Every structure is written in C-alpha cells, then in structure tokens.
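Working notes for the structure below.
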Amino acid sequence: MYASLNWIGDMLGRELDAADTARRLTMLGATVDVVERVHEDLSEIVVGLVERVERHPNADRLSLCLVDAGDGGGSVEVVCGAPNVQAGTKYPYAASGTVLPGGLKLTKRKIRGVVSNGMLCSARELGLGQDHEGIMALSTDATPGTPLLDVLRLADTRLDIDVTPNRPDLLCQKGIARELAAVLGEVVKLSPIAGAATVALAPRRAEAAGHVGGIEVRLDDTDGSPRYIAAVIEGVEIGPSPQWLQARLHSIGTRPINNVVDATNYILHELNQPLHAFDLRNLREGALIVRRAARGERLRTLDGVDRTLTPDMTMICDGKGPIAVAGVMGGADSEVTDATTDVLLECAYFDPKRIRATRSALKMNTDASFRFERGIDLEGMTGAVRRAVELIMAVAGGREPEAALDLYPHPAGQTTVFLRSARVAHLLGVEISRGEIERHLTSVGFTVAPRDDRMAVQVPGWRPDVRREVDLIEEVARLHGYDAFPVEMRPFRPTTVPDAPSELVAARIRRMLCALSLHEARTMPLGPPVGSEPQEVLNPLSADEAYLRTALLPGLVRSVEGNWAAGVRDVRLFEIGRVFRASSGDQPPDETIRLAGVLTGAREPGHWMGSGSGGDLDLWDVKGMLEEAVRVAAGPGTRLSPNGNGGWDVQTSGETVVGEAGPVDADAPPWAGPLFGFELDVTARPSEGGGDRFMPLPATPAVERDVALVLPPGVTVAQVEDIVRRSAGPLLEACSVFDEYRGSDLAGRSVAWRLIFRHPNRTLRDAEVAKAEKKVLAALREELGVERRES
C-alpha cells in the first residue's frame, strides 16, 4: 500500500515529517517498509517561457525557440520538434547538463547546423504520462526559472506500508490519515476538490430495482451484492486530467489514463471505495442487472482476455449479457473511451468470499478485487459516490440529471460490542481509566456509550475486523502505545490448563540435547519425495518443494552441507518436528512427531581452556546421544539393537522399529569429518509430569527399618520394590537395596532393604511404622511368596 505524505498532510491540515510519520505508523501496527522521495529526478527541471518561435532554417519539421529560463543569463535558443509549441506559453525546460528520468544527460548539440541549449520536455520524457507527441504546456503564473516540482507540486514522499489482511481500512489515504490523527490530536478533513461548483445529490433509496438516467437498474443477486448504487452523469468530455489530479495519482504509483477513470481511481485510493464507470450508450436495452453468471457465459475483460464464467460468480449485465465481472474487472465493450459523453457510475459492495473465489478462479488480481475481498465500508458508500460525482463533474464537466439510485434491500445495522474496563486491565496487565479507553476508541471512529459497568461500542463500517471484546482491547493497547507498557514482570495468575504431554516431552528433549552442546534447527517441511508414501502438495511453490517431508534427517543433512559450504566443520544440530505420510482416500496425511540429530566434526572443538585434541566424533558418540534421547523421549521397554548398516535400531518391546542411528551419506568436502545422525519417534508420556520438581528439606525426623527378605528363584528386585511402594502407604519416603547374600542354607537369595518412613508435619510413633511394615510383609508373602529372613 502506497501512501502520499502530501495527500495525508492535506487531510490533517499540517506538514508531516517522513521519519516521524513512519515511526508512528509502525508503532500503530501499520509497518512502513520503505520511505522514498517521489520525482526527485525532476529537481533540475524548471519553468521555461517561450518568447519566440521560428522555423528552423535547415529543417521543415523543426522549430527554433527562444526560451527564457529565468537564470539571469538571458534567453537561449532551443531546437524543438513538437508541433504544439507556441510563443508566450510556459513549458518544462531542461538546461544543458541536466539528467532526465531514465539517465539521459543533456549536452549542447548542433542540430541541422543550429546549436540547441537544452530541451523543452514532453510528459513522457519527464515520466509524467504517455504523451510524446507534444510538449507539456503549463498553466501557471510562476515566473521562468521556478522549479517544476514546486509548480506542479510533484515533490512528495511515498510510504510503502505493509497492511495486514485484517485491516482493509488502511488501504486508502483517509484510513492512514485517521490513524495519524488519533495520535497527533488532529481532525481528518477531505481535501476540497479544485473546480467543483456543483454538489452531488443525495442518493435515492430503493429496494431491489429502480431507474436512473433512463436506465433500469435491478439487483437480482443480493447475496453477492447486498448494496448497489448507480449514478448517471451526462455531457462529460473525456480528456486528460488536470495536473493536480495527475500529481496525486503519480504520488502513489498510479498511471493517469483520462479524467473519468482518474477520478474513480482517486476515490479508490482516497476512500477505499472501488468504482467503475460504464459508457451509458453501450448499455444494451437500457438495463443494468446484477446477477449470477449463467453456465458457459463468456466475457472479454478490459485486459483483452476472453473468460468463461460459472454460476458462482456475480456479474454486472445489461439487457443482453455480461458487461463486467463484479468487483474484479470491467468488460471491453462498455469501457469509457474518448467518444464517451454519458457515463453510469457504479458504487457497490460485493461479498468478500465471492470476490476471492472469483478472482482466484479467473486468475485475476486487481486493485478493486484486492479491496473487495478484504471488506469495504458498507455504510460509507453514499458519501463516496457523491464525492465521486462531484469530482467527475469538476474534471470532466457534465451534469447529474437526477439523484443516484441506492439499491439496499436488507439494510445492516452497525455492530455493537460491549467492553469492560476490568477486562481491559486483566488482559493488558495495566490499569487504563475508562475515560482514556473512551478517548482512544473515539479517536479512530468508534462510538462509545456507557452501560452500567461496561461500555457499548458501535463499530464503524470501515472496521470489519472488530467483532469481539478482545478486538477492542487490542485497539486500546495499540493506541495507548505498546512502548508505554512496563517491561518488568508483573503478578500473574498461572493457568489451570495443563501443558500438552507432547510439549512437556519436547521441552525435556531440548534441555537434554542443548546440555550436550547441540543447537536446535528449523528446516522446511516441504521438499522432494523421500521415502515411502510421500504426501504431495496440491499447489506447490516449486517442483523441489512439492511434497511434505517423511523424515527430518534429510533437512538436517542439507543444513550441514550448507555449513560445510560456508567453511564450518563442527556442526551439531537437532530438530523436533512433524513428518507426514499420505493416507488413503480424502483423509488428511498421518502426522508423527519426531526427533532427529546430526553430528560431525571435532569431539572437543578448540578452546583456550583445552587442547582440542579429542579427535573427531564417532559412532559411539551418536549412540550415547541416542541412548539419552531414548531415555527421555521413548516409551518404556524401548531398547537399542545393532542393525546391518553399521548403526543401531530403536525397538519397542513389541519389536517395532521407532528410530535409528548411524553414519549418514552427504555431499562432504575432503576436509570434513564423518557425519552421523539419529532419528526417533517421540512418545508423549503424561504420567511423567512436567519436568523437575523441587521441595524443601524435611523438617521432621525419619524412622529407618532394615528388612532382609528371601527372594525365591525367578523373583526380581523390581517386583519386590513395586509391592513395597504400593503397600507401605503414604508414610514411606524411600526404599533401597543395601545388601545381598547367597548361600547353600537359603533356597534363593537374601536381599536387604532399607525402608525410610517420615510424616511431613510431626514425629512418627513406633506403632505407625510397625503397622506399615507389617502390611508390606503381608503383601510380599501373599503375592510373591517372599518371607522375612529372620523367620
């Protein structure tokens, strides 16, 4: 989105500093990407007065002009080939040594025996239009020598603003001015139209049909076009736009065409209301109908392409067929030409979803469709059409025979959203007074009315993105100023919603691998087909990125190769991400969370505290890291087993392979070390909690009991420990093995356990410990046949 600093400044009634304006807009959420001076290459062009015009003595088609350039050095002779140059008229003049747009440097030249000092310039030579046949005449009282930029007010600064899709109100000069007015304390006023002598009539409201200027207008597709306004202007004279209008369009990078089309483009960029002008005499059977296209209908659009239409597209039609694709582009047979005398001006609202689908199907993208598919101001259309009619009559003449016809069968009321001050404070973390909230919202067009402990906020039509209370709070935050919020930590209430188990596992993996000196990477999920069952992308960005990845390692290997290409030898990377496999039918692809890592280079990189002579990483280094990853990320019963490729497979208790590690092939330079990698399916285990837990040292004494148990053959220590912990009750703090005895006098083995009991708030009594110990021995005897050795 291009914004003109002069245009916005006129609306605010003040001069604006480019750097300050860019900073303020960026802080308001409309990031300014580029600030550039407009027509800076015309700074050396001045106003020249042609005092005398004579025929060139040696050429029939050339003229010899005496030009007063106002430089105090007297008039100079200029050879000119344009037929329209006249004595007593002022033209743009470029002296010898001037560099024209495009890089051409003028020098004194002898043309057919006569020296020409500089040149008189056409609009095309100045980059101000396409007219190359005649010199650009100037209607100005400025004295010769006045800079052309001052006369035409071409000197401007253009801001290239990155407008997000949810803010269509910022796609026009008024929208940008409204944002600045809120922080500068100014009022937005539209610039007066030069030469406007007639005020347009207020449109007449009707249901779904009516007449204007002898044309029947009918709205048949109210879903595709909820509101449609048509105005007729008779007696226009098509021609070039005045200089001020052309300068406005040039300032935002738009090429002037003719006065009527330029007027519609001006309103588009000023008010964000797309308009379209039809040649009234080309509307067949005196009708204009808004309807859906019939299957198989065709239309040649303004770009000269024949397009096939479908019934889900809204069309503008006359009595015999389509004449425009609604909200996208007009037809070639109804456009305004030099012979046009009467125009029908269209001002409409089209359904954003319908426009988006239509322009996508037709592979078209225009300024109008770009705005319609984001949503325009449904309630601001009457003001836009009246200003457009006044502008057309000012620059092209004509008259409005009757008021415009406003077809609006189902008027939509303004959206009201309720806002609570307490909710603002809760979400933003700072107290903002009710008065300040109201001031912020009203400064950008919202209407605020008190309702007990909340405020009823009416949303203006140009803000279709505001629908909920949180949207209003976002408005308050950005207008209050994000830089005005405190940076220190504030009290907060932790959420009661637990973290997803997969996120807890991922966090533990990151801590572990970062501690092992690996760096986390993020690779593209798109690439060439790799492995079995790759999922193809329907609309790929390129042939090399046409499939979703089925593994993480190939992306990490490409990252290692990129490091090698930059001369980096020691690389340790890991990634936690999703991989995809195609599923049957219309089902979405299967997704799996995986962990992958790659290692290459020195085991101990050079450092001033060490020798760095530990050699290169080898297969056992990657095995050690894989074992740590399995411990943290894999499910219980998972083990490593050698495979036939010089590495290891990770298998579950059911013999399912869920990971692997080993050497990895890559395009390695001769000086690189061997490359190893591992990849592993990540299993979320909710029972393991959210990581490390901390507690204070106990303040009450513990009671220890040593118990020697005779374990029959086949009974494991793990089985015994499980029963001890289940049966001892909450008083058991810890249990551990401290001795084992085997002998011929025992039918098995004797394992000695130390049981530690503790109450968190008081000293335990012997009877409580004896009771718990008795329960443990009874459970062991009943379930495993384990007896106490003393008995």
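For segment 514-528, the set of residues classified as touching a Lys or Arg at 6+ places or on another chain (Cβ under 9 Å) and either without any contact (Cβ under 8 Å) to a residue 12 or more places away in the chain or not in a loop (DSSP other than H, G, I, E, B) (or both) consists of H519, E520, L526, G527, listed by residue number. In a residue-by-residue description of segment 503-524, the property of being under 26 Å from the mean Cα position of the chain (by Cα), buried (at least 16 other Cβ atoms within 10 Å of the Cβ) and of a type in the set (K, R) applies to no position.
Determine whether V35 is surrounded by fewer than 18 Cβ atoms within 10 Å (Cβ to Cβ) and farther than 30 Å from V114 by Cα. Yes, satisfied.
Scanning segment 350-365 for residues that are among the polar types (S, T, N, Q) and exposed (fewer than 15 other Cβ atoms within 10 Å of the Cβ), which turns out nearest to I229 (Cα to Cα)?
If we filter segment 350-365 for residues that are among the polar types (S, T, N, Q), which is where we start, we get 358, 360, 365.
Retained after the next criterion (residues that are exposed (fewer than 15 other Cβ atoms within 10 Å of the Cβ)): 360, 365.
Numbers: S360: 26, N365: 23 Å.
Step by step, filter segment 350-365, then rank; the result is N365.
Of all residues in segment 51-60, those satisfying the criterion of being out of contact with any Lys or Arg (no Cβ under 9 Å at 6 or more places or on another chain) and either open to solvent by less than 20 Å² (accessible area, probe 1.4 Å) or at pLDDT 85 or above (or both) are E51, R52, V53, E54, R55. For segment 658-680, a residue qualifies if it is assigned to a strand (DSSP E or B), open to solvent by 50 Å² or more (accessible area, probe 1.4 Å) and touching a residue at least 24 places away in the same chain (Cβ under 8 Å), and exactly one does: P663. Candidates R439, R451, R478: the one that is at negative phi and open to solvent by less than 40 Å² (accessible area, probe 1.4 Å) is R478. Among the residues of segment 216-251, what is the count of those that are open to solvent by less than 20 Å² (accessible area, probe 1.4 Å), more than 18 Å from G397 (Cα to Cα) and not aromatic (F, W, Y)? Residues that pass the stated criteria total 11. Residue-level check: of (1) free of Cβ contacts under 8 Å to residues at least 40 places away in the same chain; (2) hydrophobic (A, V, I, L, M, F, W, C); (3) more than 23 Å from G662 (Cβ to Cβ); (4) out of contact with any Leu (no Cβ under 7 Å at 6 or more places or on another chain), A506 misses just (1). Total residues in segment 718-732 satisfying the condition of being modelled with pLDDT of 90 or more and either open to solvent by 40 Å² or more (accessible area, probe 1.4 Å) or out of contact with any helix residue (DSSP H, G or I) (no Cβ under 6 Å at 6 or more places or on another chain) (or both): the figure is 8.
Of the strands (runs of 3 or more DSSP E) that lie entirely inside segment 62-167, those containing 1 or more residues that are open to solvent by less than 40 Å² (accessible area, probe 1.4 Å) and in contact with a helix residue (DSSP H, G or I) (Cβ under 7 Å, 6 or more places away or on another chain) span 90-94, 156-162. For V261, the conditions (1) in contact (Cβ under 8 Å) with a residue 60 or more places away in the chain; (2) outside any helix (DSSP H, G or I); (3) open to solvent by 30 Å² or more (accessible area, probe 1.4 Å) are fulfilled apart from (2).
Can you spot a residue in segment 319-330 that is surrounded by fewer than 23 Cβ atoms within 10 Å (Cβ to Cβ) and touching a Pro at 6+ places or on another chain (Cβ under 8 Å)? Checked against the condition, which is being surrounded by fewer than 23 Cβ atoms within 10 Å (Cβ to Cβ) and touching a Pro at 6+ places or on another chain (Cβ under 8 Å), segment 319-330 yields no hits at all. For residues that are open to solvent by 30 Å² or more (accessible area, probe 1.4 Å) and in a strand (DSSP E or B), tally how many sit in segment 733-754. Residues flagged as open to solvent by 30 Å² or more (accessible area, probe 1.4 Å) and in a strand (DSSP E or B) within segment 733-754 amount to 10. If you filter segment 175-202 down to residues that are over 17 Å from R463 (Cα atoms) and among the small types (G, A, S), you find that the one that is surrounded by the most Cβ atoms within 10 Å (Cβ to Cβ) is A200. Close Cβ contacts (under 7 Å, 6 or more residues apart or on different chains) running from residues in segment 574-592 that are touching a residue at least 40 places away in the same chain (Cβ under 8 Å) and under 16 Å from M524 (Cα atoms) to residues that are assigned to a strand (DSSP E or B) and small (G, A, S) comprise F574/A596; F574/G597; E575/A596.
Residue-level check: of (1) outside any helix (DSSP H, G or I); (2) open to solvent by 30 Å² or more (accessible area, probe 1.4 Å); (3) within 25 Å of D667 (Cα to Cα); (4) without any contact (Cβ under 8 Å) to a residue 60 or more places away in the chain, P494 misses just (3).
Applying the selection to segment 281-303, what residues are assigned to a loop (DSSP other than H, G, I, E, B) and more than 21 Å from A357 (Cα to Cα)?
Initial filter on segment 281-303 (assigned to a loop (DSSP other than H, G, I, E, B)): 283, 293-297, 302-303.
Within segment 281-303, just L283 meets the criteria.
Take the conditions (1) open to solvent by 30 Å² or more (accessible area, probe 1.4 Å); (2) over 21 Å from L245 (Cα atoms); (3) of a type in the set (D, E, K, R); R371 misses just one of them, which is (1). Restricting S584, S559 to residues that are of a type outside the set (D, E) and not in a loop (DSSP other than H, G, I, E, B) narrows the list to S559. Considering segment 401-420, the residues that are open to solvent by less than 30 Å² (accessible area, probe 1.4 Å) and not aliphatic (A, V, I, L, M) include one that is farthest from I229 (Cα to Cα), namely P409.
Residues to consider are D483, D471; find the one that is touching a residue at least 40 places away in the same chain (Cβ under 8 Å) and open to solvent by 30 Å² or more (accessible area, probe 1.4 Å). Break it down stepwise before answering.
Values: D471 fails: open to solvent by 30 Å² or more (accessible area, probe 1.4 Å).
From the options D483, D471, the qualifying one is D483.
Condition check for R387 on (1) part of a helix (DSSP H, G or I); (2) open to solvent by 70 Å² or more (accessible area, probe 1.4 Å): one failure, at (2). Considering (1) over 30 Å from A182 (Cα atoms); (2) under 30 Å from the mean Cα position of the chain (by Cα), the lone condition that P486 does not fulfil carries the number (1). The residues of segment 215-232 that are more than 38 Å from the chain's Cα centre (by Cα) and closer than 22 Å to E390 by Cβ, listed by number, are I215, V217, V232.
Confirm whether T314 is out of contact with any helix residue (DSSP H, G or I) (no Cβ under 7 Å at 6 or more places or on another chain) and of a type in the set (S, T, N, Q). Judged against the criteria, T314 is not a match.
Of everything listed in (1) buried (at least 16 other Cβ atoms within 10 Å of the Cβ); (2) part of a strand (DSSP E or B), the single unmet condition for P554 is (2).
For segment 52-60, does any single residue satisfy the condition of being under 55 Å from the mean Cα position of the chain (by Cα) and touching a residue at least 12 places away in the same chain (Cβ under 8 Å)?
Residues of segment 52-60 under 55 Å from the mean Cα position of the chain (by Cα): none.
For segment 52-60, residues under 55 Å from the mean Cα position of the chain (by Cα) and touching a residue at least 12 places away in the same chain (Cβ under 8 Å): absent.
Do the conditions hold for F757, that is, is it in contact (Cβ under 8 Å) with a residue 12 or more places away in the chain, of a type in the set (F, W, Y) and open to solvent by 20 Å² or more (accessible area, probe 1.4 Å)? Let's see the steps before the verdict.
Numbers: in contact (Cβ under 8 Å) with a residue 12 or more places away in the chain: yes; of a type in the set (F, W, Y): yes; open to solvent by 20 Å² or more (accessible area, probe 1.4 Å): no.
It is false that F757 is in contact (Cβ under 8 Å) with a residue 12 or more places away in the chain, of a type in the set (F, W, Y) and open to solvent by 20 Å² or more (accessible area, probe 1.4 Å).
The values are calculated or read from the model by the stated rules, or taken from the named source; none is laboratory data. Everything numeric here is computed off the predicted structure, so don't read it as measured data. Quick reminder, even Gly has a Cβ in these numbers, built from the backbone with ideal geometry, and neighbours come from all protein chains shown. Only protein heavy atoms, including side chains, enter the accessible area calculation; ligands, DNA and RNA are left aside. Shrake-Rupley method; radii C 1.70, N 1.55, O 1.52, S 1.80 Å.
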